[in-house]
1. Of all residues in segment 123-171, which are among the β-branched types (Val, Ile, Thr) and without any contact (Cβ under 8 Å) to a residue 40 or more places away in the chain?
2. Checking the structure you have, find out if any residue of segment 40-54 is touching a residue at least 60 places away in the same chain (Cβ under 8 Å), closer than 26 Å to residue 150 by Cβ and not polar (S, T, N, Q).
3. Please identify the pairs in which a residue from segment 82-98 that is farther than 12 Å from residue 45 by Cα has its Cβ atom under 7 Å from the Cβ atom of a residue that is exposed (fewer than 15 other Cβ atoms within 10 Å of the Cβ) and of a type outside the set (Ser, Thr, Tyr), counting only partners at least 6 apart or on another chain.
4. Could we say that residue 169 is aliphatic (A, V, I, L, M) and surrounded by fewer than 18 Cβ atoms within 10 Å (Cβ to Cβ) here?
5. Test residue 101 against the criterion of being surrounded by 16 or more Cβ atoms within 10 Å (Cβ to Cβ) and without any contact (Cβ under 8 Å) to a residue 24 or more places away in the chain, and give yes or no.
6. Within segment 110-119, identify whether any single residue is within 16 Å of ligand 1 (Cβ to nearest atom), under 19 Å from residue 63 (Cα atoms) and either of a type in the set (D, E, K, R) or out of contact with any Ser or Thr (no Cβ under 7 Å at 6 or more places or on another chain) (or both), and answer yes or no.
7. For segment 132-152, give me the residue count where each residue is surrounded by 23 or more Cβ atoms within 10 Å (Cβ to Cβ) and either within 16 Å of ligand 1 (Cβ to nearest atom) or modelled with pLDDT under 95 (or both).
Amino acid sequence: MSRTDETVRPALQAAWDRPEVDVTLRVNGGRHRLRLDARVTLLDALRDHLGLTGAKKGCDQGACGACTVLLDGKRVVSCLVLAAQCEGREVTTVEALSQGDEPHPVQAAFARHDAFQCGYCTPGQIMSAVALIAEGRAGSDEDVKEFMSGNLCRCGAYPNIRAAVRDAAGG
Ligand code: FES
Ligand code: FES
């Protein structure tokens, strides 16, 4: 090994072991400059670095929808998105929905229809519903069932969730 290799190799190994990136996250209208391990997910950045704990960690592998947020207005499971991929993009979390004491219409519909039991899946269900309605895909119970199939509810509150989404969609 050359002398240069000996000098460079530890630095490369360190970067490999713990590569860090500077990321500016635009979340709920605010901008946050963060230095993060490049492997940090958007979900962990929101919860652990920005204190936004509305998005929940259920499976941490893209299977339950509890971590759903909007990225440039589209639904994503934030446990499968790297924070570093979100540079310059707009992230919206459940914390942005209510206006002061006034709940968002989807939140109000969930309350009216008792669309939760333990509530763990609820922020993800609500974010998914907000996007679904904006996409015009909440026109029937079947549509809601189909297009929210990525949001699991271990408590089985599905009939009430569907009713709340249909109500909020004006159906
Ligand atoms: Fe992200 Fe389950 S925690 S999909
Ligand atoms: Fe408990 Fe959905 S309300 S998991």
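The values are calculated or read from the model by the stated rules, or taken from the named source; none is laboratory data. Note that the coordinates shown come from a computational prediction; the quantities given were computed from them, not determined experimentally. Reconstructed Cβ throughout: ideal geometry from the backbone, glycine too, with neighbour counts over all protein chains shown.
1. Narrowing segment 123-171 to residues among the β-branched types (Val, Ile, Thr): 126, 130, 133, 144, 161, 165.
Within segment 123-171, 126, 133, 144 meet the criteria.
2. Going through segment 40-54, the residues touching a residue at least 60 places away in the same chain (Cβ under 8 Å) turn out to be 54.
Subset that is closer than 26 Å to residue 150 by Cβ: 54.
Then keep just the ones that are not polar (S, T, N, Q); that gives 54.
Yes; the residues of segment 40-54 include at least one that is touching a residue at least 60 places away in the same chain (Cβ under 8 Å), closer than 26 Å to residue 150 by Cβ and not polar (S, T, N, Q).
3. Filtered contacts from segment 82-98: 89/72; 90/72.
4. Details: aliphatic (A, V, I, L, M): yes; surrounded by fewer than 18 Cβ atoms within 10 Å (Cβ to Cβ): no.
Against the criterion (aliphatic (A, V, I, L, M) and surrounded by fewer than 18 Cβ atoms within 10 Å (Cβ to Cβ)), residue 169 does not qualify.
5. Working: surrounded by 16 or more Cβ atoms within 10 Å (Cβ to Cβ): no; without any contact (Cβ under 8 Å) to a residue 24 or more places away in the chain: yes.
Considered against the rule, which asks whether it is surrounded by 16 or more Cβ atoms within 10 Å (Cβ to Cβ) and without any contact (Cβ under 8 Å) to a residue 24 or more places away in the chain, residue 101 comes out as no.
6. We begin by selecting, within segment 110-119, every residue within 16 Å of ligand 1 (Cβ to nearest atom); these are 118-119.
Subsequent filtering for residues that are under 19 Å from residue 63 (Cα atoms) retains 118-119.
Those still in the list that are either of a type in the set (D, E, K, R) or out of contact with any Ser or Thr (no Cβ under 7 Å at 6 or more places or on another chain) (or both) too: 118-119.
Yes, segment 110-119 contains a residue that is within 16 Å of ligand 1 (Cβ to nearest atom), under 19 Å from residue 63 (Cα atoms) and either of a type in the set (D, E, K, R) or out of contact with any Ser or Thr (no Cβ under 7 Å at 6 or more places or on another chain) (or both).
7. Count: 2.
Condition check ((1) at pLDDT 95 or above; (2) part of a strand (DSSP E or B); (3) more than 15 Å from ligand 1 (Cβ to nearest atom)) across all residues:
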| residue | (1), (2), (3) |
| --- | --- |
| 33 | yes, yes, yes |
| 55 | yes, no, no |
| 60 | yes, no, no |
| 65 | yes, no, no |
| 70 | yes, yes, no |
| 75 | yes, yes, no |
